[in-house]
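I have placed the structure first, in the form of structure tokens, so that the comments after it can refer back to it.
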Ligand SMILES: [Zn+2]
């Protein structure tokens, strides 16, 4: 029975897609965390604004 192989999005390491690959599609927890960190950075890209709250009346 063949198991599909995917490549880790982070380091391109081949990962067997089965129950033992806990961090699929990543090869390891480390690669998974790196990827999540990059997503977080993207979402934190907020333009500079004044700290004054906008008042709406
Ligand atoms: Zn990896």
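Where a number appears in this text, it was derived from the coordinates with a stated rule and is not lab data. It should be emphasised that the depicted structure is a prediction, and the values quoted were computed from it without experimental measurement. Don't worry about glycine lacking a Cβ; one is built from the backbone with ideal geometry, like all the others, and counts go over all protein chains shown.
Applying the criterion of being outside any loop (DSSP other than H, G, I, E, B) and within 8 Å of the ligand (Cβ to nearest atom) to the residues of the range 1-31, the residue that is farthest from the chain's Cα centre (by Cα) is 15. In the range 1-27, which residues are surrounded by 12 or more Cβ atoms within 10 Å (Cβ to Cβ) and free of Cβ contacts under 8 Å to residues at least 12 places away in the same chain? Listed by number, the residues that qualify are 21, 23.
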